Amino acid sequence: MRRIAVLLLALVLVSPTPALAADNPVAMIFSPTAGVSVPLNQPLLVIGGAVNGESGGITGVDFSTDHGTNWTPADTRGERWTVLLFPSVPGPLTIHARARTASTTGPTTVSRTIHVGGTTVPALEHETSLFLHDTHDPAVNDPDEQPVEIGMRVAVDRPGSITALIIKRGDYTGPVTARVWSNGTLLAEQEAPGAAHSQRITFAAPVPVVAGTEYVVSYYTPSGGYKATENYFVGNLAQTPFKIPVNAGVYSYSGGFPADTWFGSNYGIEPVFRP
C-alpha cells in the first residue's frame, strides 16, 4: 500500500498544471452604425461593449479618432462603455477602439467610419428597427403609477414608413396604445394587449414618413409602470436610417402630444422602419 501511495504522489507531482488562458480583451462599437452622416459641431453618442471570454475582468476601453496615434479612455463600467464626441471637422471620421484588462491592453478590434456634416445615405433594403443598446446607466422599472404618454423624438434619412414600435415593458404589463405624431398632430395609433418584457406593436397600416422631418413615437400607459434610463440621450444617436436628437425622450401627464423632458430619459421605445 505504501508503494502505491508513493506512486500516486509521484504522478500528482509530475502532472502538468493546466495553463490559464491568456487575456484577450475585445472591444465592440454598437452605435453609430457604419456610413451614417452626423451633424457638425454637435454631440455624438458612441455606445460600445467589451468582452474577455469567460475570464471577464474588463477594466477599460480606449478609443482613437486619429487611426491609433493617440488613445483616450472611454467612460467604461463593466462590459459597457460610452463616449461623447464633438465632431468638428467635416468629412469621414473613423473611430477605433481597444479593450483592457488588469494585465493586458488588447489590439484594435473594431473601427467605425462615419461622415461628419455630410448627407450620405447608406444602403437599406429591408425593414429595420432602431436598437437602444444598454449603457452602463441602469434601466429601471419606474415606480410612477400615473397615467402618462411617454415617447421619443426621431427623424429618418430617407422616405419610407414606420410599421411598428417595439417597447420594453416595466412593471405595468396591461394594455397600452402606441402612437405616431408629427408637429403635435396624431398620425396613427394602435391599441395593444398586455405583455411582459418586450413587445412589438404593429400598426394596422404603415405610417408614411419623410426624410428630415421630426416625428414622435410614443405609447400611453394608464398606470405608469414603464421602463426608463436617465441620462441616456446626452448626444445625438445615429443608426441607419434613424436620427435621434439630444434629449429625445418625452412625456405628457396631461394627455395628448408628449413634449416634456426629464434628464435625457430613454423610455425603451424602438420604431421599426420600412424603406
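The values are calculated or read from the model by the stated rules, or taken from the named source; none is laboratory data. The structure displayed is predicted, hence computed values, not measured ones. Cβ: placed from backbone, ideal geometry, glycine included. Neighbour counts: every protein chain shown. Each accessible area value is taken on the protein alone, full model and side chains, heavy atoms only, with ligands, DNA and RNA left out. Shrake-Rupley method; radii C 1.70, N 1.55, O 1.52, S 1.80 Å.
If we sort 261-274, 103-116 on the protection proxy, mean other Cβ atoms within 10 Å, highest first, what's the order?
So the peptides 261-274, 103-116, ranked by packing, come out 261-274, 103-116.
On a full-extension model of 0.36 nm per residue, what is the gain between A211 and D260, subtracting their alpha-carbon distance, rounded to one decimal in nm?
Separation in residues times 0.36 nm, less the Cα-Cα distance, equals 15.2 nm.
Just read off the accessible area of D144 with the full protein assembly in place, 1.4 Å probe, to the nearest 10 Å².
Looks like 20 Å² after rounding.
So for the range 95-206, Kirkwood radius off the Cα pairs, Stokes-Einstein at 25 °C and 0.890 mPa s: how many µm² s⁻¹?
My calculation gives 136 µm²/s for D.
So if R0 is 30 Å, what FRET efficiency would E230 and S88 give, r being the distance between their Cβ atoms, rounded to the nearest 0.05?
Values: r = 28 Å, r/R0 = 0.93.
Here the calculated transfer efficiency is 0.60.
Using the Cα centre of the chain as origin and beta-carbon charges of +1 (Lys, Arg) and -1 (Asp, Glu), tell me which of Q239, F63, F273 is placed farthest towards the positive end of the dipole.
Sorting the options by dipole projection puts first F63.
Which whole-angstrom value gives the distance between the alpha carbon centres of the range 237-269 and the range 57-129?
Going from one Cα centre to the other spans 24 Å.
Roll a 1.4 Å probe over the protein chains and send me the accessible area per residue for the chain in Å².
Ligands and nucleic acids excluded, the result is 49 Å² per residue.
Counting only residues 5 or more places away or on other chains, whose amide H sits under 5 Å from the amide H of F30 once H atoms are built in the peptide plane?
I47, G48, G49
Just how large is the dipole of the chain about the Cα centre, in debye to the nearest 20, putting +1 at every Lys and Arg Cβ and -1 at every Asp and Glu Cβ?
The calculation lands at about 840 debye.
Angle between the Cα long axis of helix 2-14 and the longest principal axis of the chain, 0 to 90 degrees, nearest 10?
Computed tilt is about 50 degrees.
Using unit Cβ charges (K, R positive; D, E negative) and no other charged atoms, how large, in debye to the nearest 20, is the dipole of the range 57-108 about its Cα centre?
Working: 4 positive and 4 negative charges, 24 e Å.
The dipole magnitude comes to about 120 debye.
Once label points are set 7 Å from the Cα along Cα→Cβ at both R77 and N141, what is their separation, rounded to one decimal in nm?
If labels sit at R77 and N141, their model points lie 2.1 nm apart.
Which value, in nm² and rounded to one decimal, describes the direction-averaged projected area of the C-alpha convex hull of the range 33-85?
Here the figure is 4.6 nm², rounded to one decimal.
So what are the radius of gyration and Dmax for the Cα set of the range 150-275, in Å?
In Å, with Rg to one decimal and Dmax whole: 13.3, 36.
With the dipole of the range 43-192 worked out from charges on the C-beta (+1 for Lys and Arg, -1 for Asp and Glu) around the Cα centre, which of N52, W181, P147 lies farthest toward the positive end?
N52
Suppose only helical runs count, i.e. DSSP H with n ≥ 4. What mean residue ellipticity at 222 nm does that imply for the chain under -39500 (n - 2.57) per run, divided by all residues and rounded to the nearest 500 deg cm²/dmol?
-1500 deg cm²/dmol
Carbon-plus-sulfur fraction of the accessible area of the chain, 1.4 Å probe, in percent?
About 57 percent, which is the carbon plus sulfur part of the accessible surface.
Given q = 0.18, 0.19, 0.27, 0.30 Å⁻¹, what are the Debye log10 I(q)/I(0) values for the range 223-275, with equal point scatterers placed on the Cα positions and solvent ignored?
Debye curve over Cα of the range 223-275, log10 I(q)/I(0) at q = 0.18, 0.19, 0.27, 0.30 Å⁻¹: -0.66, -0.72, -1.17, -1.26.
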